[in-house]
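Report on the structure given below.
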Amino acid sequence: MLSRRAEDYLEAIINIAEQKGVVRVKDIAKALGVKPSSVVSMVRRLNDMGLVEYRKHDGIWLTEQGAEIGKVIVERHTAIRRLLEILLVPPEIANDDACVMEHELHPKTIEQIKKLVDFVLSAPDYPLWLKHFEIFCKTGRHPCAYDKKCDK
């Protein structure tokens, strides 16, 4: 089992690789807000675990095993962030909170969050209850409480 910190590094490596192609120590340090020496230390550990390949002057690459684990981490983060955004949490806060929650929730909980997010996002029309929730967030009242039609 990986530590939260190790998971954060794998997630950062995946995100940087998608954006830039090549992952360097300075990129990870910037993304995680840590010192380059901390990055080198963790990358060496991940290298020893067989999750990354690290060559000092060439960059950092995920191994097949590292990529598989990283994909799971990114999917967890994305599902939680999307759920929080559905709940109208501002995107920056949703992203920060997803970073915390992704490490603490049980895998079954994450699976159910993914299903709920997929269900909501695949709805043929914007779900009525989400419109009602937006109104509730603004007014503090359910729209059906004062609109007997309550179908729009």
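Tabulated data for the structure shown
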{"read-out": "Test: residue in segment 74-95 that is among the acidic types (Asp, Glu) and over 19 Å from residue 3 (Cα atoms)", "value": "yes"}
{"read-out": "Tally, over segment 73-131, of residues that are in contact with a Phe, Trp or Tyr (Cβ under 8 Å, 6 or more places away or on another chain) and crowded, with 18+ Cβ neighbours inside 10 Å", "value": "0"}
{"read-out": "Yes/no for residue 98 being in contact with a His (Cβ under 7 Å, 6 or more places away or on another chain), among the aliphatic types (A, V, I, L, M) and assigned to a helix (DSSP H, G or I)", "value": "yes"}
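Bear in mind these aren't lab numbers, they're just calculated from the coordinates by the rules spelled out. This is a predicted model, so every value here is computed, not measured. Cβ coordinates were reconstructed from backbone atoms using ideal geometry, including for glycine residues, and neighbour counts include every protein chain displayed.
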